[in-house]
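Q: Sending over a structure as structure tokens; questions will come in a sec.
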Amino acid sequence: MPRSRDETRIYNKNKFKLGLFGMNCRGGLSLTKAPERWDASWDNNVKAAQLADEAGLEFLLPIGRWHGYQGESDTQGTTFETIAWACGLLASTHDITTFGTLHVAFINPVFAAKQMVTADHIGHGRFGLNVVSGWNPIEFGMMGVALGDHDGRYDYAEEWLEIVNRVWSEDKPFDFDGHHYKLKAVLGKPKPWWGSRPILVSAGNSETGRDFAARNADCLFTTVPPTDEDFRSKLKYFRDAAPAGQLRNIFASCHLMARRTRKEAEDYHHYIVHEQGDWEAADYAFRLRGSRINTWLKADEDKLKARLISGAGYPCIGSYDDVVETFKRLSSAGLDGVALGMINYVDDFPHIRDEVLPRMERAGLREPMRHAATAAE
């Protein structure tokens, strides 16, 4: 059993860690109309979480989404709120770390701090927070909150997080006189499960976002650039910018289509994108995401839309051996793991459990589960 947050599964000895990403949302990450696409029912979420927990995966990461991508698929139009979702899954699992994803502008920090401590106690110290400053003007409009400028959103997030950290750590009431919040006699009990803050995750690709993540996050999510040299440079920047010892893991998101042969995987990808793709939703997503799209992808609009349909993250499409070779290359560049999106998190999971994980063990990327369930003794 863990004796501190540092001994929970997300900090285990595995060289390359794995999580499930986006399963709280209808369709997960993919804009496809394929009938087998993810049905994000509660029962399906619990089943996927338990499969991941039993197989030794390190984490579950939800998407904080309030407005979907429309089209016939309506991907992410139906979602579970992530803190309540995390509470339910923490109560339904044993070892896996489960994150909540919060748009900090949408919720009072004192209220949120209490919600998250509740989740942390339900999971006996396995809860983590994904801090999101937000970007979608439609979602901000739904909440009656001004989007504001890019850097200003990170200033807001910094102040919000300072309050939350103080609620979690201070034993006496405090006043807070900030730019965004004026608070009196703030106090929160109980404190987090281990007496230490929940794991903080952040993602950012702009300079401001990278600096915010480096200053505040224990784990960081980033995108994978076109070349390994660029990727190594990017990862070094994050580690150099973070306070010594704070940044424990750097992850990327990945959409996984693994099959027995490369041809089977590529044929399935063609079916998902070109036979069953929701191109109306892809057009909508392309327009909505606008400047957030990497310039190296913007150059080929059709290619980008195909990537949005298949799952948006870094593509990992091929045989089981191909997948492990990709993970080895990413690990060699300095990445600590990936958050996986799949067409169906339950139906596709046997490909991970029965084929990919054993190959990762043989490749030295993961310990046998009986040795890796907790951190090094």
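Q: Please work out if Glu72 is open to solvent by 10 Å² or more (accessible area, probe 1.4 Å), over 20 Å from Met143 (Cβ atoms) and assigned to a helix (DSSP H, G or I).
A: So Glu72 fails the test.
Q: Right, next: Tell me which residues, restricted to the stretch 103-140, are open to solvent by 10 Å² or more (accessible area, probe 1.4 Å) and in a helix (DSSP H, G or I).
A: Ala105, Phe106, Val110, Phe111, Lys114, Gln115, Thr118, His121, Ile122, Pro137, Ile138, listed by residue number.
Q: Out of all the residues in the stretch 359-371, which are in a helix (DSSP H, G or I), closer than 15 Å to Thr326 by Cα and either modelled with pLDDT under 95 or open to solvent by 40 Å² or more (accessible area, probe 1.4 Å) (or both)?
A: So in the stretch 359-371, the residues in a helix (DSSP H, G or I) come out as 359-362, 369-371.
Those left that are additionally closer than 15 Å to Thr326 by Cα: 359-362.
Within the stretch 359-371, Arg359, Glu361, Arg362 meet the criteria.
Q: Please count how many residues of the stretch 28-50 are of a type in the set (Lys, Arg) and assigned to a loop (DSSP other than H, G, I, E, B).
A: Qualifying residue count for the region: 2.
Q: Here is a list: Leu247, Leu235, Leu200. Which entry is at pLDDT 85 or above, of a type outside the set (Asp, Glu) and open to solvent by 10 Å² or more (accessible area, probe 1.4 Å)?
A: Leu247 is the lone residue from the list that is at pLDDT 85 or above, of a type outside the set (Asp, Glu) and open to solvent by 10 Å² or more (accessible area, probe 1.4 Å).
Q: Still on this structure, I have one more. So which of Tyr320, Tyr314 is at pLDDT below 95 and among the aromatic types (Phe, Trp, Tyr)?
A: Just a single option satisfies the conditions, and that option is Tyr314.
Q: Now for a separate question. For the stretch 144-167, give me the residue count where each residue is of a type in the set (A, V, I, L, M, F, W, C) and over 16 Å from Ala112 (Cα atoms). Steps first, answer last, please.
A: At the first step, the residues of the stretch 144-167 found to be of a type in the set (A, V, I, L, M, F, W, C) are 145-147, 157, 160-161, 163-164, 167.
Filter again for over 16 Å from Ala112 (Cα atoms), leaving 145-147.
Count: 3.
Q: Now, a different point. Being closer than 23 Å to Asp6 by Cβ and either of a type in the set (A, V, I, L, M, F, W, C) or modelled with pLDDT under 95 (or both) is the filter here; which residues of the stretch 145-196 pass it?
A: Selection gives Leu161, Val164, Val167, Trp168, Trp193, Trp194, Gly195, Ser196.
Q: If you don't mind, another one. Given the criteria loosely packed, with under 13 Cβ neighbours inside 10 Å, at pLDDT below 95 and within 16 Å of Leu31 (Cβ to Cβ), does Arg307 qualify?
A: On the way: loosely packed, with under 13 Cβ neighbours inside 10 Å: no; at pLDDT below 95: yes; within 16 Å of Leu31 (Cβ to Cβ): yes.
So Arg307 fails the test.
Q: Within the stretch 262-284, which residues are modelled with pLDDT of 95 or more, surrounded by fewer than 17 Cβ atoms within 10 Å (Cβ to Cβ) and either at positive phi or touching an Asp or Glu at 6+ places or on another chain (Cβ under 9 Å) (or both)?
A: Result: Arg262, single match.
Q: Out of all the residues in the stretch 88-102, is one or more within 14 Å of the chain's Cα centre (by Cα) and closer than 29 Å to Ala185 by Cβ?
A: Scanning the stretch 88-102, I find at least one residue that is within 14 Å of the chain's Cα centre (by Cα) and closer than 29 Å to Ala185 by Cβ, so the answer is yes.
Q: Do we have Ala306 as within 30 Å of His150 (Cα to Cα) and in contact (Cβ under 8 Å) with a residue 60 or more places away in the chain here?
A: no
Q: Which ones in the stretch 285-303 are modelled with pLDDT under 85, surrounded by 13 or more Cβ atoms within 10 Å (Cβ to Cβ) and either assigned to a helix (DSSP H, G or I) or in contact with a strand residue (DSSP E or B) (Cβ under 9 Å, 6 or more places away or on another chain) (or both)?
A: Leu288, Arg289, Leu297, Lys298, Glu301
Q: For a quick check of your reading of the model, give me the residue pairs whose first member lies in the stretch 208-221 and is of a type in the set (Asp, Glu), whose second is open to solvent by less than 10 Å² (accessible area, probe 1.4 Å) and modelled with pLDDT of 80 or more, with beta-carbon atoms closer than 7 Å and at least 6 apart or on different chains.
A: Hits for this filter: Asp218/Ile199; Asp218/Leu200.
Q: Are there strands (runs of 3 or more DSSP E) fully within the stretch 165-269 with at least 1 residues that are touching a Phe, Trp or Tyr at 6+ places or on another chain (Cβ under 8 Å) and among the hydroxyl-bearing types (Ser, Thr, Tyr)? List them.
A: Correct list: 199-203, 219-222, 249-259.
Q: Given the condition surrounded by fewer than 21 Cβ atoms within 10 Å (Cβ to Cβ), under 30 Å from Tyr181 (Cα atoms) and not polar (S, T, N, Q), answer yes or no: does some residue in the stretch 84-99 qualify?
A: Yes, the stretch 84-99 contains at least one residue that is surrounded by fewer than 21 Cβ atoms within 10 Å (Cβ to Cβ), under 30 Å from Tyr181 (Cα atoms) and not polar (S, T, N, Q).
Every residue, every condition in (1) crowded, with 22+ Cβ neighbours inside 10 Å; (2) closer than 22 Å to Val324 by Cβ; (3) among the charged types (D, E, K, R), yes or no:
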position	(1), (2), (3)
Arg5	yes, no, yes
Met23	yes, no, no
Leu29	yes, yes, no
Gln50	no, no, no
Leu57	yes, yes, no
Trp66	no, no, no
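Q: If I ask for residues that are under 17 Å from Arg26 (Cβ atoms) and either of a type in the set (Phe, Trp, Tyr) or open to solvent by 10 Å² or more (accessible area, probe 1.4 Å) (or both), which ones from the stretch 310-341 would you list?
A: Our first condition is that a residue be under 17 Å from Arg26 (Cβ atoms); within the stretch 310-341, this holds for 310-312, 341.
Of everything in the stretch 310-341, just one residue is under 17 Å from Arg26 (Cβ atoms) and either of a type in the set (Phe, Trp, Tyr) or open to solvent by 10 Å² or more (accessible area, probe 1.4 Å) (or both), namely Ala312.
Q: Further question on the same structure: Select, from Asp240, Asp218, the only residue that is surrounded by fewer than 20 Cβ atoms within 10 Å (Cβ to Cβ) and acidic (Asp, Glu).
A: Details: Asp218 fails: surrounded by fewer than 20 Cβ atoms within 10 Å (Cβ to Cβ).
From the options Asp240, Asp218, the qualifying one is Asp240.
The values are calculated or read from the model by the stated rules, or taken from the named source; none is laboratory data. Just so we're clear, the structure is a prediction, and the values are computed from it rather than from any experiment. Don't worry about glycine lacking a Cβ; one is built from the backbone with ideal geometry, like all the others, and counts go over all protein chains shown. Just the protein is used for accessible areas: all its heavy atoms, side chains included, with ligands, DNA and RNA removed. Shrake-Rupley method; radii C 1.70, N 1.55, O 1.52, S 1.80 Å.
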